[in-house]
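Structure, as structure tokens:
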Amino acid sequence: MNHKYTSKNLRLLLTAFLLIALAACKKEKSTTPAVATPTKLGLYEFGSDATYRFRQLQINVSKIGTQTVSYGLVFDTGSGGMVIDATGVLPSAMITTSGFNFTGDSTVVNGITVTKQTSTIVYGADANTSTVYGNLAYAPVTIGDVNGNITVKRLPFFIYYKVVATDGTKYSAHDFDVMGVLDQYDVTFANNVSITSPFTYFDPGTGLTKGFKMAALGTSNFSNNGYATFVPNVVTLGLTADDLSASSGFVTNQLTLYQGYGYPPIIPATITYGTKSTSGSVVFDSGTDPFNFIQDRTAPTTVALLPVNTAVSVATGAGFKYSYTITSSESPTYLENPSVSGTTVSIFGMQAFLNNQYLLDYTNHKLGLKSSN
């Protein structure tokens, strides 16, 4: 159908065309959103003297649900997920030695949803293990404190009611509180909910990759008197393009997906101790101290500490190198045969973090290591 346009129609059309043109110009001038600034969190560095020098990292949790708390959780690169004692978090009447006391499939207390789904987590090595008993829970959780923090709005975590050692010893409240930062699943429940790193639930912002890097710790902030020192900016949440570039200095290792377990930080390496070498897999675990554990299929079946002054070095398949010498107070190292220990994975603990930086890329499932020497 033909239309006859009047001058008024023509003016309206010209006005419309002009507005469209202006809108197009505005689009052309739009800019890409600025890259967000990474978020920094501090850690508490704890040290003490005993037969061997002991060091531990803790990160504070200051709110769970509507409950204001203050608990230091072990900052652990050897596990995944927040694991915390119910004492001081839930009403004492709910907590028994055989489980949580409530009816129904779940209950909400202090803004925390506690479910009837139960499980256990085992910590330790060889025959010296402890079993943690608890339930799946959900809540908003604030990680950090007045020195800097983040809030995860709905975090699945493991809340426990007791811990029992192999010999039957029962531990005090909050003795096994852990902040596992790995993208691995320490517990998977029936509804396919996995307990994994709280940091995987944190959005670092525009242009940043989900993950974190950790500064080399040094030794100056680890007291020897059993007190903790707060050290700011140890952990940086949100990885930049520079962090992930080949020029960053990080030696990156691609992690493997294990069905039902996520991405454990297991990387191939050759370990040399004294004049002997063995090939296998290693984990750098900030939650293990003071001991290291070397697995060698040719080792004696009797577990023993390597002698003082033994030189130990680790060379990963990707090219990262780490070495130390055992002293009377530092880096005691067990030599184990996998037929006895039940694992082929060697573990290197806190000592490895003193002079090396650590990075986890949750998006691309990569682990980075960088020497600060």
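A few notes on this one:
- Per this entry, residue 4 is not counted among residues that are farther than 30 Å from residue 359 by Cβ and at pLDDT 95 or above.
- Members of region 302-339 found to be surrounded by fewer than 15 Cβ atoms within 10 Å (Cβ to Cβ) and over 28 Å from the mean Cα position of the chain (by Cα), listed by number: 302, 304, 305, 307, 308, 309, 311, 327, 328, 339
- The selection criterion, being assigned by TED's automatic domain parsing to the domain that holds residue 204 and closer than 28 Å to residue 329 by Cα, does not hold for residue 90.
- 3 or more residues hydrophobic (A, V, I, L, M, F, W, C) and within 30 Å of residue 53 (Cα to Cα): qualifying strands (runs of 3 or more DSSP E) within region 190-294: 225-239, 267-273, 276-284
- In the set (1) farther than 19 Å from residue 144 by Cβ; (2) crowded, with 17+ Cβ neighbours inside 10 Å; (3) not assigned by TED's automatic domain parsing to the domain that holds residue 353, residue 244 fails one condition alone, (3).
- Filter result for the condition that a residue is over 28 Å from residue 284 (Cβ atoms) and of a type in the set (Val, Ile, Thr), over 96, 188, 166, 131: 96
- Among the residues of region 39-53, those that are surrounded by 18 or more Cβ atoms within 10 Å (Cβ to Cβ) and out of contact with any Leu (no Cβ under 9 Å at 6 or more places or on another chain) comprise 42, 47, 53.
- Failed item, numbered, when residue 185 is tested on (1) more than 17 Å from the chain's Cα centre (by Cα); (2) farther than 17 Å from residue 73 by Cα: (1)
- Single residue of 296, 242 found to be among the acidic types (Asp, Glu) and under 30 Å from residue 205 (Cα atoms): 242
- Considering region 66-88, and only residues there that are touching a Phe, Trp or Tyr at 6+ places or on another chain (Cβ under 8 Å) and of a type in the set (A, V, I, L, M, F, W, C), the residue that is farthest from residue 99 (Cα to Cα) turns out to be 82.
- Top-ranked residue of region 161-189 - restricted to ones that are of a type in the set (A, V, I, L, M, F, W, C) and assigned to a loop (DSSP other than H, G, I, E, B), ranked as nearest to residue 288 (Cα to Cα): 176
- Considering region 77-134, the qualifying strands (runs of 3 or more DSSP E), each wholly inside and each with 3 or more residues that are surrounded by 14 or more Cβ atoms within 10 Å (Cβ to Cβ) and not β-branched (Val, Ile, Thr), run over 80-85, 112-125.
- Hits in region 180-223 - residues which are over 24 Å from residue 240 (Cα atoms) and among the hydroxyl-bearing types (Ser, Thr, Tyr): 185, 188, 194, 219, 220, 223
- Residues (modelled with pLDDT of 95 or more and either polar (S, T, N, Q) or closer than 18 Å to residue 290 by Cβ (or both)) located in region 57-77: 57, 58, 60, 62, 66, 68, 70, 74, 75, 76, 77
- Residue 261 at pLDDT below 95, of a type in the set (Ser, Thr, Tyr) and touching an Asp or Glu at 6+ places or on another chain (Cβ under 9 Å): yes
The values are calculated or read from the model by the stated rules, or taken from the named source; none is laboratory data. Bear in mind that the values here come from a model prediction, so they are computed numbers and not experimental data. All Cβ positions, glycine included, derive from the backbone under ideal geometry; neighbour counts span all protein chains shown.
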